[in-house]
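Okay, structure first, notes after.
The values are calculated or read from the model by the stated rules, or taken from the named source; none is laboratory data. Just so it is clear, the model here is predicted, and its values are computed rather than measured. Heads up, the Cβs are rebuilt from the backbone with ideal geometry, glycines too, and the neighbour counts pull from every protein chain shown.
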Amino acid sequence: MNTHDADRSTRIVCWWARRYTAGLPHPYGAERRAEIDSDLTEHRLARVSDGWTERRIARERLTRLARGAPADLAWRHELLHRATNRVFARAAGALTTAASLLLATFHFLFAAYLLGTTSLADGRFLGGLDAYAEEVGRPVASAIAAAVIGGLGLVLILAAVTRPLSPLMANAATTSVASLSVMFFWLGVWPVALVAVAGSVTNLALRGSQATAPR
């Protein structure tokens, strides 16, 4: 009779453990059930050595189960909450990385467009930048603009690569470049401004060198 009570209390405790650990991410559920099995064995051995009967041990097991059930449920809820947050964090990180790589690709393509890499075969320069760089020549002004845009693309690549090591810095870099791109690049102001500034700076440098050149 005493042994029957002990077996029944063990089955109840194990049933409860299976219930509140069901559906938990691996390996938390299995580890928790293994801890409970070990605790049941150690608890019984300790009480038997103290001279307790099996019936008394079974009553204490069920009492501990009733007292600990709210804590078990709270532990399950917290674990599922953390697991859900990790899933969303991984998904958000993957989306941000993909967006960084996509935005970097557009930067590189536009830099290549400015450099006229698609028209090297016939020697023409793409871009229609005469209005912005007539005085200094299209290659000089456009090369500077392409270097800046390509550099921003490299920043996005580095942000995507280093995200696992420093998510905060990577997100800050991606957000900054993306914000500038949305504000200027896609509105058509970004490339025009870059070429115009590059043309002006180069023009001033050329005029300065001409002024200092011996006559």
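Please enumerate the residues belonging to the range 12-48 that are more than 42 Å from the chain's Cα centre (by Cα) and among the charged types (D, E, K, R).
As a first pass, look at the range 12-48 and keep what is more than 42 Å from the chain's Cα centre (by Cα): 12, 41-48.
Passing the criteria: Glu42, Arg44, Arg47.
Regarding Val87, is this residue farther than 18 Å from Leu156 by Cα, within 32 Å of the chain's Cα centre (by Cα) and among the β-branched types (Val, Ile, Thr)? Talk me through it step by step, then tell me what you get.
Working: farther than 18 Å from Leu156 by Cα: yes; within 32 Å of the chain's Cα centre (by Cα): yes; among the β-branched types (Val, Ile, Thr): yes.
It is true that Val87 is farther than 18 Å from Leu156 by Cα, within 32 Å of the chain's Cα centre (by Cα) and among the β-branched types (Val, Ile, Thr).
Looking at the range 136-176, which of the residues that are of a type in the set (S, T, N, Q) and closer than 23 Å to Ala91 by Cα is modelled with the highest pLDDT?
As a first pass, look at the range 136-176 and keep what is of a type in the set (S, T, N, Q): 142, 162, 166, 171, 174-176.
Remaining after also requiring closer than 23 Å to Ala91 by Cα: 162, 166, 171, 174-176.
On the way: Thr162: 80, Ser166: 76, Asn171: 74, Thr174: 75, Thr175: 75, Ser176: 76.
Checking each candidate, the answer is Thr162.
Could you grab the pairs with beta carbons closer than 9 Å, sequence gap of 6+ or different chains, first residue in the range 9-21 and in the same structural domain as Ala71 (by TED's automatic domain parsing), second one hydroxyl-bearing (Ser, Thr, Tyr)?
Qualifying pairs under 9 Å: Thr21/Tyr28.
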